[in-house]
Amino acid sequence: MNSSSIYYFDGKTSAPKSAKFEIKRDELWIYIVNNDNFTEEKDNELYVWDIKDCESESSNSQQRYTVYYGDFPKQQIQFNGSEYPELVALFLRKKGRLNSLYTKIVHGTRGWHILVGVIIILCSSWLYIRYLSPWVGEKLSLLVPKHLEERLGNASVNGILNFGPLDSLKSNQLKLFMDELNLVKDYDVKAYYVNSEVVNALAAPGGHIVVFDGIMEKIDCYDQLVALLAHEAAHVNNRHSLKSIGRSVSAYLILSAITGDVAGSSGVLLEQAAQLNQLSYARKDETQSDEIAILELHKLGLDPSAMMNLLDKLEQQEKLDSNLVLTSLNEMEFLKTHPITKNRIENLRSKSERLNTVAEYHPKLDSLYHLLKMKSIY
Amino acid sequence: MEEILNQNESVEFAPNQERKFIRFFGKGSSFFGILILNFILTVVSLGLYYPWAKAKLRQYLWNETELEGSRFCFHGTGKEMFKGFIISYFFILLFYIGYFASISQTMENPIVFFVVLIVFFVFLVFGFYPFAIFFGWKYRVSRTSWRGIFFHFTGDFKSFYKMYIKYLGITILSFGIGSSWLSTNTQKYLFSHTQLGSLKLDFHGDGGDLFITRLGGFFLSYITLGFYLPVFIKNLFHFRINHTTISDGKIQRALKTELTGKQSFNVLFVNFLLLIFSLGLAFPFTQIRSYRLLLNSIEIPSDIDYDHIDQQPGAYNKATGDEMADILDIDLDF
């Protein structure tokens with residue numbers, strides 16, 4: 001076969017037949033020529049194709065252009081597109097806008113096309129990871145029924161209890177303290193007091209609130225404990241931990257739903273990016289809880305600055321804990337779950353000043369607090 | 001890039017060439033463009049465009065593959081594959097529902113999780129895989145043509161399933177050792193029931209050979225920290241291709257690949273670097289490099305008459321419903 005000729009295949013055998021063509025209005029007339037001695041004699045084998053029923057397929061640099069006609073058997077002609085531009089133009093015109101765009105890409109792409117493509121991919125991946133996937137994840141997590149959330153919470157609390165032994169007496173006292181505040185809506189509060197030096201407190205899905213002995217040591221007034229619990233209660237009420245789980249799985253979930261495919265290196269990259277993103281979302285949740293906590297303090301008639309006092313204590317602890325190198329790492333706000341304590345305090349101070357709270361003394365909370373502060377008898 | 005240009009220059013077909021090769025002309029840049037356009041349209045349509053994207057991708061790859069001066073053509077359409085897509089969507093949904101429903105149970109009671117996992121696994125291996133392999137192959141084959149002659153698949157699911165279950169059982173009982181026989185016999189079944197018009201395909205590989213190739217490959221790749229991997233891939237490719245035969249009714253000849261370990265290493269190593277330094281964005285280019293390496297290495301028997309292959313009646317049947325099975329892109333390893 002000669003690459004500059006047109007070849008016709010009748011769909012019955014694979015034998016190529018040299019051909020010539022003529023475009024007559026809406027029809028393509030294909031004459032079979034033997035030995036390239038083409039004369040317009042009437043006894044030439046002739047095939048007439050209705051152009052609107054033809055399908056065409058083009059290759060790189062138009063080297064090979066193939067046109068199909070009919071259902072079965074399918075006839076076809078093949079030729080070098082660059083030698084028959086009038087035929088190529090004819091079939092390109094027939095294609096819809098989208099299909100001709102594909103054909104143009106097949107014919108050849110330029111450097112800047114690829115550059116635009118790369119930019120589009122990077123931008124859309126960023127939008128996807130930064131906004132779309134967390135949003136979908138949060139919405140999905142809200143669909144999780146409450147009993148499931150409580151079970152999930154139970155499981156995570158079981159994990160947390162590895163940090164140290166549960167103090168059941170103090171857990172009950174903590175529960176009484178929390179009942180007095182009535183901070184958690186919609187959930188039965190389950191309070192856990194864990195004997196561990198960890199300076200932290202946390203909220204698990206479904207109304208579980210865990211306070212470590214380490215942070216209790218730092219607190220020196222009942223209103224700070226209220227601030228701490230109000231902060232954790234805000235996590236519970238806003239289902240922060242569930243949302244966080246939702247956000248972390250949604251990137252995969254959407255991708256696999258769209259493509260039916262979860263494998264590949266893109267998955268790993270996506271995970272890394274989502275992880276980084278997760279942190280900044282977690283900071284948003286913390287800030288929200290801080291702000292809710294000072295509002296709760298205000299509502300209870302307690303001084304909102306208790307929140308700042310608590311944070312001050314945590315900041316001092318941070319300084320104690322860290323040597324010079326660690327401090328500079330701590331300053332990298334983006335890589336931390338909690339916003340830098342200093343920033344947190346400043347943010348809250350300006351908010352709490354606007355509240356103009358008239359603080360009252362709560363004797364019951366104070367006595368419950370003192371019970372909690374008493375050393376355990378073991 | 002240079003490599004691509006050289007290939008296009010030599011596109012002219014030499015009529016009296018003794019040795020004949022399959023030729024692949026795909027270009028990384030075009031492939032990249034198609035993937036980008038597919039990606040944009042899939043995202044904008046919230047995933048619904050995916051089957052059409054798949055059709056475009058296959059049309060491109062098929063149409064850049066040449067045998068005896070003529071290109072292959074994929075006639076499948078997005079519309080056909082949409083049905084399969086909806087089904088796969090449903091399965092993925094089912095999987096996630098099952099996963100989330102069992103996640104809370106799992107933490108309290110691991111046995112529940114294992115039961116769910118086993119049920120899912122059994123369904124996948126005994127039902128879904130053979131179904132998808134058989135009908136997926138049937139669909140792809142029946143939508144592929146060359147010079148207007150259609151490929152066609154004459155297998156029936158019952159006999160395929162019998163074979164599959166037998167070797168799957170052996171695989172499970174032998175803790176995976178039998179998988180080489182499962183894979184070889186699957187290929188044997190599919191190829192021996194596939195023809196391009198009057199040209200018949202067949203496969204004569206033996207599971208034992210594959211087992212030894214795999215065993216040696218795993219072992220050597222492991223102790224050479226992966227440096228043997230290109231040679232291993234080459235050996236696997238040799239096994240798949242060199243045992244494949246075509247026959248025109250009179251003579252039966254084997255395909256042959258000339259792929260060397262060095263070529264395989266060069267392409268894989270550069271692909272690896274490209275992927276690392278482009279953060280994965282060079283994927284279309286690496287893909288095309290691999291296709292080019294593999295397809296261009298396949299030599300086809302020169303004494304078979306490719307100009308007189310006859311179309312088989314009933315080879316092309318639009319209304320089979322096989323398109324439903326062309327889901328999840330189960331690509332066989334051959």
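The values are calculated or read from the model by the stated rules, or taken from the named source; none is laboratory data. Remember, predicted model here, so these are calculated numbers, not experimental data. FYI the Cβ positions are ideal-geometry reconstructions off the backbone, even for glycines, and counts take in every protein chain you see.
For segment A:54-68, does any single residue satisfy the condition of being of a type outside the set (Phe, Trp, Tyr), surrounded by 15 or more Cβ atoms within 10 Å (Cβ to Cβ), at pLDDT below 90 and farther than 30 Å from residue A:110 by Cα?
Among the residues of segment A:54-68, not one is of a type outside the set (Phe, Trp, Tyr), surrounded by 15 or more Cβ atoms within 10 Å (Cβ to Cβ), at pLDDT below 90 and farther than 30 Å from residue A:110 by Cα, which makes the answer no.
Does residue B:148 satisfy being more than 21 Å from the chain's Cα centre (by Cα) and within 14 Å of another protein chain (Cβ to nearest Cβ)?
Details: more than 21 Å from the chain's Cα centre (by Cα): yes; within 14 Å of another protein chain (Cβ to nearest Cβ): yes.
Yes.
Exactly one condition in (1) out of contact with any Phe, Trp or Tyr (no Cβ under 6 Å at 6 or more places or on another chain); (2) within 21 Å of residue A:25 (Cα to Cα); (3) not hydroxyl-bearing (Ser, Thr, Tyr) is not met by residue A:73; state its number.
With (1) out of contact with any Phe, Trp or Tyr (no Cβ under 6 Å at 6 or more places or on another chain); (2) within 21 Å of residue A:25 (Cα to Cα); (3) not hydroxyl-bearing (Ser, Thr, Tyr) applied to residue A:73, the lone miss is (2).
For segment B:8-114, give me every one of the helices (runs of 4 or more DSSP H) that falls completely inside it and has 1 or more residues that are crowded, with 20+ Cβ neighbours inside 10 Å and at pLDDT below 75. Full working, then the answer.
Details: elements: B:28-44, B:50-63, B:78-108.
The helices (runs of 4 or more DSSP H) meeting that bar are B:78-108.
When the residues of segment B:288-323 are filtered to those that are modelled with pLDDT under 90 and assigned to a helix (DSSP H, G or I), which remaining residue is surrounded by the most Cβ atoms within 10 Å (Cβ to Cβ)?
Among those that are modelled with pLDDT under 90 and assigned to a helix (DSSP H, G or I), it is B:323.
Within segment B:246-273, restricting attention to residues that are in contact with a Leu (Cβ under 9 Å, 6 or more places away or on another chain), modelled with pLDDT of 90 or more and more than 19 Å from residue B:24 (Cα to Cα), which residue is nearest to the other protein chains (Cβ to nearest Cβ)?
Let us first name the residues in segment B:246-273 that are in contact with a Leu (Cβ under 9 Å, 6 or more places away or on another chain), namely B:246-249, B:257, B:259, B:263-268.
Among the residues that remain, those that are also modelled with pLDDT of 90 or more are: B:246-247, B:257, B:259, B:263-268.
Now restrict to residues that are more than 19 Å from residue B:24 (Cα to Cα): B:246-247, B:265.
On the way: B:246: 13, B:247: 15, B:265: 20 Å.
Within segment B:246-273, the match that is nearest to the other protein chains (Cβ to nearest Cβ) is B:246.
State yes or no: is residue A:184 touching a strand residue (DSSP E or B) at 6+ places or on another chain (Cβ under 7 Å) and either farther than 30 Å from residue A:300 by Cα or in the same structural domain as residue A:228 (by TED's automatic domain parsing) (or both)?
no
So which pairs qualify, if the first residue must be in segment A:168-186 and closer than 20 Å to residue A:290 by Cα, the second must be part of a helix (DSSP H, G or I) and of a type in the set (Phe, Trp, Tyr), the Cβ gap must be under 8 Å, and the two must be at least 6 apart or on different chains?
If the second residue must be part of a helix (DSSP H, G or I) and of a type in the set (Phe, Trp, Tyr), the pairs left are A:177/A:369.
Residues in segment B:160-173: is at least one part of a loop (DSSP other than H, G, I, E, B) and among the charged types (D, E, K, R)?
We begin by selecting, within segment B:160-173, every residue part of a loop (DSSP other than H, G, I, E, B); these are none.
Looking for residues that are part of a loop (DSSP other than H, G, I, E, B) and among the charged types (D, E, K, R), one finds none in segment B:160-173, hence no.
Here's the yes/no breakdown for (1) loosely packed, with under 13 Cβ neighbours inside 10 Å; (2) within 25 Å of the chain's Cα centre (by Cα); (3) of a type in the set (Asp, Glu); (4) in the same structural domain as residue A:285 (by TED's automatic domain parsing):
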site: A:75; (1), (2), (3), (4): no, no, no, no
site: A:85; (1), (2), (3), (4): yes, no, no, no
site: A:98; (1), (2), (3), (4): yes, no, no, no
site: A:117; (1), (2), (3), (4): no, yes, no, no
site: A:125; (1), (2), (3), (4): no, yes, no, no
site: A:138; (1), (2), (3), (4): no, yes, yes, no
site: A:155; (1), (2), (3), (4): no, yes, no, yes
site: A:158; (1), (2), (3), (4): yes, no, no, yes
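Where residues in segment A:71-88 are part of a helix (DSSP H, G or I) and within 14 Å of another protein chain (Cβ to nearest Cβ), which of them is nearest to residue A:53 (Cα to Cα)?
A:81
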